[in-house]
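Chemist: Have a look at this one before I ask anything.
No lab work stands behind these numbers, since they all come straight from the coordinates. Keep in mind that what you see is a predicted model, and the values were worked out from it rather than measured. Neighbour counts run over all protein chains shown; Cβ positions are idealised from the backbone, glycine included.
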Amino acid sequence: MNKRRATSLPQHFFRAQLRSKAFFRAINMEIFDAHCHLESFKELPSLSGMACATSGYSAESNAKNAKIRDMLNSGTEPSKRRVFLSCGIAPQTAQEVGGIRDMLPLWIEQYMAARPDAIGEIGLDWHWGKSAEQKERQLYAFEYQLELAVRKGIPVVIHCRDAVKETLSMLESYGARKFMMHCFTGTHEEAARAAGMGGIISVPPLRNKERKKSVKAVGMGKIVCETDSPYIGKTLNDINVSLQIVSDSLSIPLEEAAAKSYANALQFYSCPD
Ligand SMILES: [Zn+2]
């Protein structure tokens, strides 16, 4: 099936076929899952031609993802690789570590040795971090890693929950320009602020009205799609739902949402500042 015929098919056709990878191949769509956790699957899923960025959140998950990235990319020219790596110590991890100030430099040294394409997920999570102590550990880990990423010109993948304002202010104060708001849950005004600062918004497979407004507020140039699987999406195929949200929000064909979010994700993960 050629491209032109596919885009002229009615929307219900796309919906009916949404869970089929064969469908993507049939209409030649390039798919990029901008944030998932390959190491967290019970069985490593097949990429079936998709590209993805697998993300760590702890020392252990960073190491596992680095191995998976190496394995899946082996024998592939660097310019044709399908698996990108993001490494970081997430706020939910940092908040539980009493000795975070001692451990963090060691964990960073370990993950930087794997040459990640991005640092993350890092950020602030006031949903899980409630006590002053937890927040203080989160802030320490976020600032430390953010400073490193900005200094080295490495893109940043942000995890942020119930703390969008604080997180954006922090990014601003460190002069971060290349960042992705993974599973963005803020308001459309906050989405516009992030985009104005140079950031991109990542759309998870969860529909809600504010997300639709956020997509509209920033436009296709600032959007990537993710599954966050196996946590939010259960499989990599759930990227279809994220793409459909973008396609619906902007009234553009699914293929266009796929192609542009692919290009945005590729640019984000493959070119240093
Ligand atoms: Zn995640």
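Chemist: When each pair of different Cα atoms in the chain is counted once in the 1/r mean, what is the Kirkwood radius in angstroms, to one decimal? It would help to have the intermediate numbers written out before the result.
Modeler: On the way: mean 1/r = 0.0536 Å⁻¹.
One decimal place: 18.6 Å for the Kirkwood radius.
Chemist: Taking only the Cα atoms of region 106-264, how large is their convex hull per residue, in Å³? Write out the running numbers ahead of the final one.
Modeler: On the way: hull volume 18.3 nm³, N = 159.
In region 106-264, the Cα hull volume divided by residue count equals 115 Å³.
Chemist: Quickly estimate the mean residue ellipticity at 222 nm for the chain, helices only: each DSSP H run with n ≥ 4 gives -39500 (n - 2.57), and the total goes over all residues, rounded to 500.
Modeler: Working: 12 runs with 130 residues, N = 273.
Computed mean residue ellipticity for the chain: -14500 deg cm²/dmol.
Chemist: Also, I was wondering about something else. Between the helical axis of 100-113 and the dominant principal axis of the chain, each derived from Cα atoms, what acute angle in degrees is found, rounded to the nearest 10?
Modeler: With rounding to tens, the tilt is 50 degrees.
Chemist: Count the net charge of all other residues whose Cβ sits under 15 Å from the Cβ of A63, scoring Lys and Arg as +1 and Asp and Glu as -1. Let's see the in-between values first.
Modeler: Values: positive: K64, K67, R69, R115; negative: E39, E60, D70, E109.
Charge balance in the 15 Å sphere: 0.
Chemist: Which peptide among 197-203, 63-69 comes first, and what is the full order, when sorted by highest mean count of other Cβ atoms within 10 Å? Let's see the in-between values first.
Modeler: On the way: 197-203: 22.7, 63-69: 19.9.
The most tightly packed comes first, giving 197-203, 63-69.
Chemist: Then there is this: What list do you get for T93, T185, T235, T167 if you sort them by fewest beta carbons within 10 Å? Before the final figure, lay out the partial values.
Modeler: Working: T93 23, T185 18, T235 15, T167 27.
Ascending Cβ contact count within 10 Å gives the list T235, T185, T93, T167.
Chemist: Which order results if L44, L171, L72, L38 are arranged by neighbouring Cβ count within 10 Å, fewest first?
Modeler: Numbers: L44 11, L171 24, L72 17, L38 27.
Sorted ascending by nearby Cβ count, the order is L44, L72, L171, L38.
Chemist: About its Cα centre, what dipole magnitude does the chain give when the only charges are +1 on Lys and Arg Cβ and -1 on Asp and Glu Cβ, stated in debye to the nearest 20?
Modeler: Numbers: 35 positive and 30 negative charges, 227 e Å.
Using only the charged Cβ atoms, the result is roughly 1100 debye.
Chemist: Related question: For the chain, set up a Gaussian network in which alpha carbons nearer than 10 Å are linked by springs, and say which option among E109, E30, E226 fluctuates the most.
Modeler: E109
Chemist: OK, next. Return the distance in nm (one decimal) between the two label points of a simple spin-label model at M197 and M103, each offset 7 Å from Cα along Cα→Cβ.
Modeler: Going by the 7 Å Cα→Cβ label model, 2.7 nm.
Chemist: State the extension gain, in nm to one decimal, for the chain segment bounded by S74 and E96, taking 0.36 nm per residue of separation less the distance between their alpha-carbons.
Modeler: Working: separation 22, 0.36 × 22 = 7.92 nm, distance 3.51 nm.
The span from S74 to E96 would gain 4.4 nm if fully extended.
Chemist: Let me ask you something else. Using modelled amide H (1.01 Å from N, peptide plane; none on Pro or chain starts), what sits under 5 Å from the amide H of G56, excluding residues fewer than 5 places away?
Modeler: Amide H neighbours of G56, under 5 Å, 5+ apart: S86, C87, G88, E121.
Chemist: Using a Gaussian network model of the chain with C-alpha springs under 10 Å, which one of P45, P91, P155 is most mobile by mean-square fluctuation?
Modeler: So, out of P45, P91, P155, the one fluctuating most is P45.
Chemist: Same structure, new question: Using the Karplus curve 6.51 cos²θ - 1.76 cosθ + 1.60 with θ = phi - 60°, work out ³J(HN,Hα) for each residue of region 131-140 in order, rounded to whole Hz, and write x for Gly and Pro.
Modeler: Here the 3J(HN,Hα) series is 7, 4, 5, 4, 5, 5, 5, 4, 4, 4 Hz.
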